[in-house]
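Peer 1: Sharing a structure below in structure tokens format, with a few things to ask.
The values are calculated or read from the model by the stated rules, or taken from the named source; none is laboratory data. Predicted, not measured: the structure shown is a model, and the values here were computed from it. Cβ: placed from backbone, ideal geometry, glycine included. Neighbour counts: every protein chain shown.
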């Protein structure tokens, strides 16, 4: 079976979206499916219109040359352009099924092409585009733009053959919109377990950041506002202990704000801000952190969606503390880590102190987390896609 994955962006760009996509696509190839990829005009730094990455063919449709900046009209032109590029790949590769991945622009472009060629289409939602726009300050909740985008997504979901979400939060929201629950399948976030193994601390990094003998708290990920990274800086301003350090790895829209906040609170000696690091060095940074904290703020997007990084943390047998938002609680059961009240630095401080002093509980949670994450190996999760695809091709 030949499946065309319609993506917003893909590897070599690295973020949660592209890493999940890579896991899905390469796992499908391993079990005998035949995935092909096309990326939207939003893919950056293109060097070719077609390339092969890890044995998978990636088509790059390139950027759309339009000077129109009128809201919705520019997006409509992008959808039509992308749809025509998808059609070219359908004909060239003799595609059997389309698998479009959010955002809704990808789904709409794929839906137009699928209709023209009478192909089944599966639409996978990782987050709702309108909620991501609210969190990044691009629109306001229940604004005209928000309502139109939400309406387009709902309409698309009613048209496609099958919907896949990554968690119950998204599924339940779609059901509330009138989408039949039988139409929605869940394939949760996963990882390649063989890529995330427990390892000894990197001596080079311990020396570089002067962390020998310290308890290291940390965060690895994108610095979006809803991730709540600023709360970790505030936490360190309240911890009066030179043997406890914080390592923040990554970058993003909040990076410069976090950098200023560290200076404003006078915690430069206690908080290490690494910026973006090479992908092949990420495991060394995982190794030096003792307790990972995921302090997502209480927002609609964090209630409905699950992140990816906590799975990597659990696979490497690390302690984990999460905020009590729905997406994190669904991903990290209470037996696997400690939970604090989102946005409450005092409660977070109590949980950190409790973690440090309750060794037996800490060990049990690490063991439970490691057992839980074994079920999230892409080698196991990929079978769900075969079942969904076969159903659509057959019926």
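Peer 1: Do the conditions hold for residue 185, that is, is it in contact with a helix residue (DSSP H, G or I) (Cβ under 6 Å, 6 or more places away or on another chain), surrounded by fewer than 23 Cβ atoms within 10 Å (Cβ to Cβ) and within 25 Å of residue 19 (Cα to Cα)?
Peer 2: When the stated conditions are applied, residue 185 passes them.
Residues checked against (1) outside the structural domain of residue 57 (by TED's automatic domain parsing); (2) buried (at least 23 other Cβ atoms within 10 Å of the Cβ); (3) touching a strand residue (DSSP E or B) at 6+ places or on another chain (Cβ under 9 Å):
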position: 91; (1), (2), (3): no, no, no
position: 100; (1), (2), (3): no, yes, yes
position: 106; (1), (2), (3): no, yes, yes
position: 112; (1), (2), (3): no, no, no
position: 116; (1), (2), (3): no, no, no
position: 125; (1), (2), (3): no, yes, yes
position: 128; (1), (2), (3): no, yes, no
position: 133; (1), (2), (3): no, no, no
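Peer 1: Turning to a different aspect of this structure: Can you tell me how many residues within region 35-56 are closer than 15 Å to residue 9 by Cβ, more than 19 Å from the chain's Cα centre (by Cα) and modelled with pLDDT under 95?
Peer 2: 4
Peer 1: Related question: Going residue by residue through region 42-51, is there one that turns out to be under 24 Å from residue 276 (Cα atoms), surrounded by fewer than 14 Cβ atoms within 10 Å (Cβ to Cβ), without any contact (Cβ under 8 Å) to a residue 40 or more places away in the chain and touching a strand residue (DSSP E or B) at 6+ places or on another chain (Cβ under 8 Å)?
Peer 2: Among the residues of region 42-51, at least one is under 24 Å from residue 276 (Cα atoms), surrounded by fewer than 14 Cβ atoms within 10 Å (Cβ to Cβ), without any contact (Cβ under 8 Å) to a residue 40 or more places away in the chain and touching a strand residue (DSSP E or B) at 6+ places or on another chain (Cβ under 8 Å), which makes the answer yes.
Peer 1: Scan region 128-154 and report the pairs whose first residue is over 20 Å from residue 226 (Cα atoms) and whose second residue is surrounded by fewer than 16 Cβ atoms within 10 Å (Cβ to Cβ), with Cβ atoms within less than 6 Å and a gap of 6+ or a chain change.
Peer 2: Listed by first residue and then by second, the contacts come to 154/177.
Peer 1: What are the residues in region 200-217 that are in a loop (DSSP other than H, G, I, E, B) and exposed (fewer than 15 other Cβ atoms within 10 Å of the Cβ), if any?
Peer 2: Within region 200-217, 200, 210, 212, 213 meet the criteria.
Peer 1: Does residue 149 satisfy the criteria of being closer than 25 Å to residue 307 by Cα and touching a strand residue (DSSP E or B) at 6+ places or on another chain (Cβ under 9 Å)?
Peer 2: Answer is no for this residue.
Peer 1: Now for a separate question. Could you look through region 274-298, keep only residues that are touching a helix residue (DSSP H, G or I) at 6+ places or on another chain (Cβ under 6 Å) and under 14 Å from residue 205 (Cβ atoms), and pick out the one that is surrounded by the fewest Cβ atoms within 10 Å (Cβ to Cβ)?
Peer 2: My answer is 284.
Peer 1: Quick check on this structure: which one of 217, 206, 231, 273 is touching a residue at least 24 places away in the same chain (Cβ under 8 Å), in the same structural domain as residue 322 (by TED's automatic domain parsing) and within 30 Å of residue 125 (Cβ to Cβ)?
Peer 2: Answer to the selection: 231.
Peer 1: Continuing with the same structure: When only residues in region 184-195 that are without any contact (Cβ under 8 Å) to a residue 24 or more places away in the chain and assigned to a helix (DSSP H, G or I) count, which is farthest from residue 103 (Cα to Cα)?
Peer 2: Filtering region 184-195 for residues that are without any contact (Cβ under 8 Å) to a residue 24 or more places away in the chain and assigned to a helix (DSSP H, G or I), the one farthest from residue 103 (Cα to Cα) comes out as 194.
Peer 1: If you check 350, 363, 354, 379, which single one turns out to be over 22 Å from residue 301 (Cβ atoms), out of contact with any helix residue (DSSP H, G or I) (no Cβ under 6 Å at 6 or more places or on another chain) and either in contact (Cβ under 8 Å) with a residue 60 or more places away in the chain or buried (at least 22 other Cβ atoms within 10 Å of the Cβ) (or both)?
Peer 2: 379
Peer 1: Of all residues in region 125-172, count the ones that are on the phi < 0 side of the Ramachandran plot and outside any helix (DSSP H, G or I).
Peer 2: Here the count works out to 18.
Peer 1: Is region 339-347 home to any residue that is over 25 Å from residue 194 (Cα atoms), surrounded by fewer than 13 Cβ atoms within 10 Å (Cβ to Cβ), in the same structural domain as residue 239 (by TED's automatic domain parsing) and modelled with pLDDT of 95 or more?
Peer 2: Yes, region 339-347 contains at least one residue that is over 25 Å from residue 194 (Cα atoms), surrounded by fewer than 13 Cβ atoms within 10 Å (Cβ to Cβ), in the same structural domain as residue 239 (by TED's automatic domain parsing) and modelled with pLDDT of 95 or more.
Peer 1: Can you pull out the residues in region 173-183 that are more than 18 Å from residue 301 (Cα to Cα) and either part of a strand (DSSP E or B) or out of contact with any strand residue (DSSP E or B) (no Cβ under 9 Å at 6 or more places or on another chain) (or both)?
Peer 2: 178, 180, 181, 182
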